[in-house]
Amino acid sequence: MASHDYDAIIVGGGHNGLVCAAYLAKAGQRVLVLERRHVLGGAAVSEEIHPGFTYSVCSYVVSLLRPWIIRDLELSRFGLDLIPLESSYLPLPDGRDLCRWSDGELTRDEVSRFSRHDAEVMGEFSQAMSKIGRFVRPIIDSPAPEPASFNPKELMNLLRLGRHFGDATVDQMELRLKLLTMSAVDFLDEWFESEVLKSPMSVSGIIGTFLGVRSPGTAYVLLHHYMGEIDGAFRSWGFQRGGTGGVSNAIASSARHFGAEIRTEASVDHIMMQHGKATGVVLENGDELSAKQVVSGCDPRRTFFGFVGQEHLPDEFSQSLQRYRFRGSSGKVNLALDRLPEFSCRPGDAHLRGDIAIAPSIDYLERAYDEAKYGTFSRRPYINVVIPSLVDPSVAPAGKHVMSCFVQYAPYDITEGAENWPSKREAFGETVIDTLAEYIPGLREMILHKQVLTPWDIQEEFGLTEGNIFHGELTLDQMAFQRPMSGWARYRTPVRNLWLASSGAHPGGGLMGAPGALCAKAMLGTEGS
Amino acid sequence: MATRSERAVVLGADIEGLAAAATLAAAGKEVHLFDGLTNPGGAGGTLEFHPGHHVPGLFNETALVRRKLIAGLGLEQLGLKWKGRESPLHVLRDNGEVLTILRHSLAGGQDTGSYARWRAWVDRMAPLVCEVLDDAPPEAADPGVMDLFSLARKGFKLRTLGEKDMMELLRIVTMPAWDWMEENFEDPALRAGLVSLTLPGTVVGPRAAGTTAMLLMQEAGRGVEPEGGLAAVVSALVARCDQLGVQMQLGVQPERIHADSSAQPGVQSVELSGGRRVDAGLVVSTLDPKRTLLELVQPGLIPLHVEAEVEGWRMRGSSAVYLLAFSSAIELPGGAERLITASTPEELERAADALKYRQLPASPWLDIRNWSRESEGPGTLSIHVHGVPHELDGGWTDAARGDLRDRLLAALETAVPGARESLVGERLLTPVDLEAEFGLRGGQLHGGEEVLDQLWVQRPALSLCRYETPLEGLFLGGAGCHPGGAFVGGAGVLAARRALGR
């Protein structure tokens, strides 16, 4: 048998593909990463779309990047530089507002303007959630359990997990069960009375899914806010200096340092197959590259139906994959501004250095969802805004700013058909600007440039099927041992020598790096370490 | 005269209360049953809403009675009969055609093959689902050896289903019913018909995650209907209670549950309206958990964290019941006994949307039950409407009631043209009316919302799911306990058995 060009070829230079490459290279493998675009990072990229302004085009904050990956890959040495977000601001249409600070005392003062009760229970709530956060962390840091297995080792693992779960007070058990099964709103209702607090908190439950804040099963995502770690500090979110792409670049530098080869503008046409095994890739320019193992950093649909082809897949696997739900629900608007925007609710900029939520009430969020259910983008959407140039001047010329707006709901499947999104792009962007202008008078006049990404654009430009930012909805039935489907949650695939290292595998989406790292460990047989 | 320890008090004369009383009395207890309501069976009992026109209970769904659990009460000897055949569900399409859904066949649809495949899967789940429905939930909070054994057995049953079935069950159970139906069927009317049955106890629509769990429980847990509706079960239970010497007093409000003042407090007596006290060492309450634990139990006896759990118990009503009397027999399209007028899941979703904003549904869908054969009057319909909030924006004024009535009659006219002409009497029960007349808090027909986080071990709370309460001798056994209000006759019997130490 002819020798292989590489030990492993990684299709897709998103952050998970790069993490996987770095781990394999570090273990001494000959690794090649192939990225279709001219920049690395997939959805974690920074690009200078307008001269002088660097947009974090898609992903805009860093939270769950695993600390052990940062250590293993020495990312700080290669340019990882995270600036914590200090606050979370909610302006209201009636002129009131609420700012939640990383300082608990300050937040209590703010909250007590709306509800003394809520201000009092906030501390207890954070404590309870952080406790559960600590319980959940091992789950996202290790491969998914396999409940169907009769393998004694798996049964022991299950038993241990059961004990892990059972080994808690009744209160804690109750809370965990509720988090898993309740809606974000119902869950928060049990703690808080003020909608001004509940509404911006509840939205974390719906990001990247096509569900409303009142839909059961959205509560557990609240935990993510209590699981984020930056420099070991619990419950924090951060910006990467220079834009989110800096995270990807740091991982890429680490991978190169360990010996990986990385090519951009190298578009893979398909994965080469021989006798049911993956043997390498064929590029769009016709080049063939062989490898012992092929790893996909792309989403499951693109990987299997795009690069492998249904004819090489077992029928049952294809059927399950057809059912795997993407249905992207969000868009992105990036703005270059010629000055710092001012919110009419509160002048100044101290409260704008974190994230800003347009989520004035639960009914507002539900209405936004209802419109999307029936096939249009929300006329008044939920928007999560950050102005990274305030804390990181390197991303905009002096005195000028970039504003990143994550917008939900923008359903991939609009009534007119997803392919008609381009004709709606302008109207979608205008809706976002109109919505923001209700809080920021004169916003329109400050805009030097705008970039509007609909779910269709996210699919076409970044290769995320149906524009889903998590490579498939993060709902209970598509998590853990069911991601992307039961029996295949351990990064292996039905195609021998083909591995899945993307957010479409456990533990899922977000700028975590865990799927990439856990995939590499599975390939190397070092899962336990 | 029995001693205190031999005497048991049952609070609540709904089906669960009657079933609990009969179970306790059959075990030799001296049982006293009290309820502020005057109609045995509560919302499940016979209701004459217009002279000569009765409905046998307010519920259109009567095939979910836990027949296995009430079998020991010998109700068949007292005249209770079960229908020899299953009752079909009919779904009305926009073009006036009717889809007939039976357990093992489908008439008038294109999904015959996929329906048979889906049903075969549901049937394979049925033994496990029924075992769960007909058994007390395991002690999840503090598992004992027997609980672990029972849990292990369920787990084993789960595993013996085979890996494929087991993984499929785990996959679907948290899904929105909307998605599960879409995966299986082309015909929107079939999807709408099946999903419609899962909504009455919830404030959500079919797109809400977890609605599949309820759909599976209902489809796998369904049996045949009692002849004469739930009221026939009520009559037989009342007769059985009489036979067993249960002392039933209706129209008597329980006011307070008193406890022993000794170091180990246990139930001592129940105080009734008028100041009367009945000493008892055992109290089974089928009143809702909030009423029982927050209002009736003497303050200070329930630990704060349990009180907090009970306060979090959600009982938001979501349905109105509209009872109609006609001068002549009414024939529903397709000769249906039960007709769903929603022909797409989207209609169900839109009606549920209204609940969120505390509005009336713009175009309500109807769940119509034709009781003409069971009622003495010539024509009787009972209509359930999902999407009607208890907390209506602006309140339940006469105008609001009139508005709802107009919308319902318009919807009825579309489904059954000409029916209105022979209408001679009616009664509209909004959630507020259901609360006032039947003691159903929030107008909740099922004793608590039937959503993922309020089922099984979480019904009504992890620490209360075994029917026991922190107050020794006090047991909860109503629709707010597993298996819940849709699965009639379950909670009452299971609570009574628990109270008897079985």
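What follows is calculated from the coordinates using simple rules that are stated; it is not laboratory data. Predicted, not measured: the structure shown is a model, and the values here were computed from it. Quick reminder, even Gly has a Cβ in these numbers, built from the backbone with ideal geometry, and neighbours come from all protein chains shown.
Computed values, structure above
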| item | result |
| --- | --- |
| Longest DSSP-loop-exposure-free segment, trypsin sites (Lys or Arg not before Pro), chain A, at most 12 other Cβ within 10 Å | A:78-338 |
| Peptide ranges B:412-418, B:472-478, A:19-25 listed from the most packed, as the mean C-beta count within 10 angstrom indicates | A:19-25, B:472-478, B:412-418 |
| Relative contact order for chain B, counting Cα pairs under 8 Å that sit 6 or more residues apart, in percent | 25 percent |
| All-pairs alpha carbon distance profile, chain A, 10 Å steps from 0, percent | 4, 19, 30, 28, 15, 4, 0, 0 |
| Residue-span extension gain [B:ALA239 to B:GLN359] - 0.36 nm each, minus C-alpha spacing | 38.9 nm |
| Packing-based order for A:266-272, A:481-487, using average beta carbon neighbours within 10 Å, highest first | A:481-487, A:266-272 |
| Total charge dipole magnitude, the range A:326-465, about the Cα centre, Cβ charges on Lys, Arg, Asp, Glu only, Debye to nearest 20 | 240 debye |
| Residues in the range B:196-231 that a label on B:ARG373 would reach, taking backbone N under 13 Å of a point 7 Å out along Cα→Cβ | B:225-229 |
| Nearest-0.05 FRET efficiency for B:ALA2 and A:ARG113, computed from C-beta distance (R0 51 Å) | 0.25 |
| For chain B, alpha-carbon Rg over 2.2 N^0.38 Å | 0.95 |
| Test item: A:173-185 mean partner chain Cβ contacts at 10 Å | 5 |
| Under-5 Å amide H pairs with A:ASN468, H placed in peptide plane, nonlocal only | A:GLY328 |
| Values of log10 I(q)/I(0), in the order q = 0.11, 0.20 Å⁻¹, for the range A:326-465 under a Debye, Cα-only, solvent-free model | -0.40, -1.19 |
| Integer Hz, Karplus 6.51/-1.76/1.60 couplings in order for the range A:31-42, x for Gly and Pro | 10, 10, 10, 10, 10, 5, 7, 7, 10, 8, x, x |
| Paramagnetic reach from B:ASP406 (point 7 Å along Cα→Cβ, amide N under 18 Å) across the range B:331-359 | B:359 |
| Directionally averaged projected area (convex hull, Cα atoms, the protein assembly as shown), nm² | 42.3 nm² |
| Positive-end extreme of charge dipole, the range B:92-141 - chosen from B:MET125, B:LEU102, B:ALA136 (charges on Cβ) | B:LEU102 |
| Loop-resident sites, the range A:436-474, for GluC sites (Glu not before Pro), counting at most 15 other Cβ within 10 Å (DSSP) | A:GLU438 |
| Neighbouring partner chain Cβ atoms per residue of B:268-278, average, 10 Å criterion | 0 |
| Relative contact order for the range A:317-427, counting Cα pairs under 8 Å that sit 6 or more residues apart, in percent | 35 percent |
| Spin-label pair A:THR264/A:GLU419, simplified geometry with 7 Å Cα→Cβ offset, distance in nm | 3.1 nm |
| In Hz, Karplus ³J(HN,Hα) per residue of the range A:378-394 (6.51, -1.76, 1.60; θ = phi - 60°; x = Gly, Pro) | 5, 6, 10, x, 6, 10, 10, 10, 10, 10, x, 5, 5, 9, 9, x, 5 |
| Estimated FRET transfer efficiency when R0 is 35 angstrom, pair A:ALA427-A:GLN319 (beta carbons, to 0.05) | 0.40 |
| Total charge dipole magnitude, the protein assembly as shown, about the Cα centre, Cβ charges on Lys, Arg, Asp, Glu only, Debye to nearest 20 | 2200 debye |
| DSSP-assigned coil residues among trypsin sites (Lys or Arg not before Pro) in the range B:370-446, each with at most 11 further Cβ atoms within 10 Å | B:ARG373 |
| For the range B:82-100 versus the range A:260-336, the gap between their alpha-carbon centres in whole angstrom | 47 Å |
| Assigned charges on the beta-carbon of Lys, Arg, Asp, Glu; the range A:1-89 dipole about Cα centre (debye) | 200 debye |
| Convex hull per residue volume in Å³, alpha carbons only, for the range A:394-529 | 181 Å³ |
| The range B:184-237: GluC sites (Glu not before Pro) in DSSP coil with no more than 12 other Cβ atoms inside 10 Å | B:GLU186 |
| Chain B: calculated mean residue ellipticity at 222 nm from DSSP helix runs of at least 4, using -39500 (n - 2.57) | -10000 deg cm²/dmol |
| Kyte-Doolittle mean at least 1.0, axial Cα span of 27 Å or more - DSSP H helices of chain B | none |
| Computed helical MRE - 222 nm, chain A, DSSP H runs ≥ 4 contributing -39500 (n - 2.57), nearest 500 | -9500 deg cm²/dmol |
| Long-range amide H partners of A:ILE83 with built H, under 5 Å | A:PHE239, A:GLN240, A:ARG241 |
| J(HN,Hα) series, the range A:49-63, from Karplus relation 6.51 cos²θ - 1.76 cosθ + 1.60, nearest Hz, glycine and proline x | 6, 10, x, x, 10, 9, 8, 7, 4, 10, 5, 10, 9, 10, 9 |
| For the range B:181-210 versus the range A:503-522, the gap between their alpha-carbon centres in whole angstrom | 34 Å |
| Alpha-carbon centroids, the range B:259-311 and the range A:1-38: separation in whole Å | 67 Å |
| For A:ALA359, distant residues with modelled amide H under 5 Å away | none |
| Local net charge near A:LEU518, Cβ-Cβ under 11 Å (Lys/Arg +1, Asp/Glu -1) | +1 |
